[in-house]
Amino acid sequence: DGGITQSPKYLFRKEGQNVTLSCEQNLNHDAMYWYRQDPGQGLRLIYYSQIVNDFQKGDIAEGYSVSREKKESFPLTVTSAQKNPTAFYLCASWGGSIYFGEGSWLTVV
Amino acid sequence: KNQVEQSPQSLIILEGKNCTLQCNYTVSPFSNLRWYKQDTGRGPVSLTIMTFSENTKSNGRYTATLDADTKQSSLHITASQLSDSASYICVVRGNAGNMLTFGGGTRLMVKP
């Protein structure tokens, strides 16, 4: 079945470490997005990519980086520069309709 | 700047009661508006999608309305159930590219 897969579901990061969240889709969608959600809050756009080898900053890109080397993959790296990375991260893709992954919980320990 | 504002921020109702959630947007040009239900720690699930020409759309106990002139949408939930407890998110897509603008969501709690 087609869909979006995020991994890992739960991730713990030590302070000062970079971590990478995976997002893979087999829907042949061009556009992919990363959102952050803090407890009790709405979704905020981190980065988006309209096409392979191209991506744009969203509203809260500082401390994050992405790549889009393949159409099906849009990994998000949470760098040590992100001062408050503990949150729920959602990946989505667009191809006439929005598809969401199941999300990844990141906790700083 | 494109914005989507939802109200109320949170809502508590008794099981069996009806409720209405609001979504106001400034996204222009407008393509479509979607309502999503998000359970805690899960990805959002689509409830309805409405385009410029549609005024009302129903999905079971969920009925969405759209007034493209005033840039307002509402989601009405009829005969609420405990399983309706979730966050409800309004998402607007503009015609410029594939940009999606999310509202902050309304957290609904249905109590027995």
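A few notes on this one:
- Mean separation of Cα contacts under 8 Å (6+ apart) over length of chain B, as relative contact order %: 38
- Computed from backbone phi, the HN-Hα couplings of segment B:99-110 come to 6, 10, 10, 9, x, x, x, 10, 8, 9, 10, 9 Hz, rounded to whole numbers (Karplus: 6.51 cos²θ - 1.76 cosθ + 1.60, θ = phi - 60°; Gly and Pro given as x).
- Exposure here means at most 12 other Cβ atoms within 10 Å; with trypsin sites (Lys or Arg not before Pro) in a DSSP loop as sites, the longest stretch of chain B lacking them is B:18-112.
- Interchain or long-range residues, amide H under 5 Å from residue B:105's placed H: B:6, B:90
- Karplus-derived 3J(HN,Hα), 6.51/-1.76/1.60, for each residue of segment A:14-24, Hz, glycine and proline x: 7, 4, x, 9, 8, 9, 10, 9, 9, 9, 10
- Semi-axis lengths, largest first, of the ellipsoid equivalent to segment B:45-112 are 24, 14, 10 Å, with √(5λ) applied to each eigenvalue of the Cα gyration tensor.
- For the protein assembly as shown, taking a cut-off of 4.7 Å between Cβ atoms, the unpaired cysteines are B:19.
- Considering only B:53, B:73, B:28, the Gaussian network model of chain B with Cα springs below 10 Å gives its largest mean-square fluctuation to B:53.
- Computed from Cα atoms alone, the Kirkwood hydrodynamic radius reported for the protein assembly as shown is 17.9 Å.
- Residues residue A:30 and residue B:109, FRET efficiency given R0 of 35 Å [Cβ-Cβ distance, rounded to 0.05]: 0.40
- Charge dipole (debye, nearest 20) of segment B:42-96; +1 at Cβ of Lys and Arg, -1 at Cβ of Asp and Glu: 180
- Each Cα pair under 8 Å and six or more residues apart adds its separation to the average, and for chain A the resulting relative contact order is 36 percent.
- Summing Cβ point charges (Lys, Arg +1; Asp, Glu -1) relative to the Cα centre of the protein assembly as shown gives a dipole of roughly 320 debye.
- Take each residue of peptide B:80-93, count the partner chain Cβ atoms within 10 Å of its Cβ, and average: the result is 1.
- Amide hydrogen proximity for residue A:27: with H placed 1.01 Å from N in the peptide plane, the residues at 5 or more positions away or on another chain lying under 5 Å are A:3.
- For segment B:3-61, applying the loop criterion from DSSP together with a ceiling of 16 other beta carbons within 10 Å to the chymotrypsin sites (Phe, Trp or Tyr not before Pro) yields B:52.
- Note on residue B:71: lysines with a C-alpha under 29 Å away, same-chain residues under 8 apart excluded, are A:57, B:1, B:17, B:37, B:57.
- Radius 14 Å from Cβ of residue B:101, net charge of other residues (Lys, Arg +1; Asp, Glu -1): +3
- Table column - 3J(HN,Hα) (Hz), segment A:6-11, Karplus curve with 6.51, -1.76, 1.60, x for Gly and Pro: 10, 8, x, 6, 10, 9
- Averaged over peptide B:41-54, the number of partner chain Cβ atoms lying within 10 Å of each residue's Cβ comes to 3.
Each reported figure results from applying straightforward, stated rules to the coordinates on display, with no laboratory input. This is a predicted model, so every value here is computed, not measured. A quick note on method: Cβ atoms are made from the backbone with ideal geometry, for glycine too, and the neighbour counts reach across all protein chains shown.
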